[in-house]
Amino acid sequence: GAGAGGGGGGGGGGVVDLQHPAQPFDGAEQNRMQDQLRTNLTSDEISTRSGGSAGQVAYVEGWRVIAKAQEIFGFDGWSSRILQLQREYEDHDSKNGRWTYSYSATVRISLRNGTFHDEVGSGCKVDKDRGKAIENARKEAVTDAMKRGLRLFGPALGLSVYDKDYVTEAKRAKPAAAAAPA
């Protein structure tokens, strides 16, 4: 179901978050959310970036996943909480004056009915401004963990980008759909 407990690669999940009393979704809400969560992302919602030796990698931008969660669960139907934020690596290259910081974060995504997923994310940034490198690495780690936690709720929140066949078809269909007369 939408929000059956259970964790992803980085953590656990469950059906009870003792810090927030559960408020069940009614049957109509539950059915609507499940239908929306089962829907794959559209080609316009999927971005790509270079993955180095892995080639092009599909992903969903953080703001988009948050907006979709708001649309599906409602502004008061879900929340996120940073459980852990840890510096993994720090380096200063005195030749070019650049700082490198890497952080990991564990974030819990909770639904108002008590279902939650915990997930781990990472962020690494290089900048001449030490404070900016730290700030941006921390934000990237938290956003990555949040996106990874939300994806566990279904294709509409990012799980569909892990289906390489679907992403290939969606990207292939995009130019044809854009060229089709209205």
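The values are calculated or read from the model by the stated rules, or taken from the named source; none is laboratory data. Being a predicted model, the structure only gives us computed values, none of them experimental. We place every Cβ from the backbone using ideal geometry, glycine too, and count neighbours over all the protein chains shown. Protein only, heavy atoms only, side chains kept; ligands, DNA and RNA dropped before computing areas. Shrake-Rupley method; radii C 1.70, N 1.55, O 1.52, S 1.80 Å.
Could you please give the count of residues in the range 60-75 that are modelled with pLDDT of 95 or more and open to solvent by 30 Å² or more (accessible area, probe 1.4 Å)?
Matching residues across the range 60-75 total 8.
For the range 19-47, which positions are touching a strand residue (DSSP E or B) at 6+ places or on another chain (Cβ under 9 Å) and open to solvent by 70 Å² or more (accessible area, probe 1.4 Å)?
If the condition is that a residue be touching a strand residue (DSSP E or B) at 6+ places or on another chain (Cβ under 9 Å) and open to solvent by 70 Å² or more (accessible area, probe 1.4 Å), then Gln19, His20 are the ones that fit.
Going through the range 123-144 one residue at a time, which ones are under 14 Å from the mean Cα position of the chain (by Cα) and buried (at least 17 other Cβ atoms within 10 Å of the Cβ)? Quick ask: steps written out before the conclusion?
Of the residues in the range 123-144, the ones under 14 Å from the mean Cα position of the chain (by Cα) are 123, 139-144.
Passing the criteria: Gly123, Glu140, Ala141, Val142, Thr143, Asp144.
Mind listing whichever residues of the range 99-122 are under 21 Å from Arg64 (Cβ atoms), hydroxyl-bearing (Ser, Thr, Tyr) and open to solvent by less than 30 Å² (accessible area, probe 1.4 Å)?
Once the filter is applied, which keeps residues that are under 21 Å from Arg64 (Cβ atoms), hydroxyl-bearing (Ser, Thr, Tyr) and open to solvent by less than 30 Å² (accessible area, probe 1.4 Å), the range 99-122 yields only Ser110.
Under 8 Å by Cβ, and 6 or more places apart or on different chains, what pairs join a residue from the range 43-61 that is touching a residue at least 24 places away in the same chain (Cβ under 8 Å) with one that is among the aliphatic types (A, V, I, L, M) and open to solvent by 30 Å² or more (accessible area, probe 1.4 Å)?
Ser43/Ala173; Ser43/Ala177; Thr48/Val57
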